[in-house]
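For reference, the structure is listed below as C-alpha cells.
Read-outs throughout are calculated quantities, based only on the coordinates presented, and are distinct from any laboratory measurement. A quick note: this is a predicted structure, and the numbers were derived from the prediction, not measured. Don't worry about glycine lacking a Cβ; one is built from the backbone with ideal geometry, like all the others, and counts go over all protein chains shown.
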C-alpha cells in the first residue's frame with residue numbers, strides 16, 4: 001500500500017535551505033517512505049509515535065498514521081463498491097475502487113481481469129479491504 005506523504009510548512013522551509021546533492025537524496029528518501037514506511041534503516045523515536053531515518057548528516061523524522069487508515073477502512077465493512085479487477089493470483093482476485101485496493105473472493109465465472117464487479121466488503125485491515133462479489 002502506498003502512503004500519502006504530508007510535509008509541514010516548517011519542514012519545507014528547512015528543506016529549501018539544504019544544498020545539492022543532499023536535497024535530492026533527501027527528497028528521494030522521503031518519496032520512498034510512501035512505498036516502504038518502515039525501511040530497514042528506520043529507528044523508532046523514544047517518547048513519541050514517530051520514526052527517523054538517516055540520510056547523510058541529516059535526519060528525516062516522520063509519523064505513520066496506520067490507526068487512521070484502519071479506522072477509515074473499518075467504516076467500509078458491509079458496504080458494496082464497484083471494483084475493477086486488475087489481477088489474479090492463485091485463484092484470488094484483486095481490484096481497485098476509485099480510492100482503495102480490494103481483494104475479492106469469487107469464482108472465475110464472475111471475475112476476469114479487466115471486468116468490473118460489485119464487491120461487498122466483509123473484512124478490512126490498515127492496508128486492504130476484503131470483499132465478496134455480489135450480484136447487481
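At 222 nm, what helix-only mean residue ellipticity would the chain give, in deg cm²/dmol to the nearest 500, using -39500 (n - 2.57) for each DSSP H run of four or more?
The per-residue figure over the chain is -6000 deg cm²/dmol.
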Distance histogram for region 9-64 (every C-alpha pair counted, 5 angstrom bins, percent rounded to whole numbers): 4, 18, 30, 25, 17, 5, 1
Computed log₁₀ I(q)/I(0) - Debye formula, equal Cα scatterers, no solvent, the chain, q 0.14, 0.21 Å⁻¹: -0.75, -1.13
Acute angle (nearest 10 degrees) that the helix 22-33 long axis makes with the longest principal axis of the chain, alpha-carbon atoms: 30
Ranking of 103, 123 by count of other Cβ atoms within 10 Å, fewest first: 123, 103
Among 12, 30, 53: highest mean-square fluctuation, GNM of the chain, C-alpha pairs under 10 Å: 12
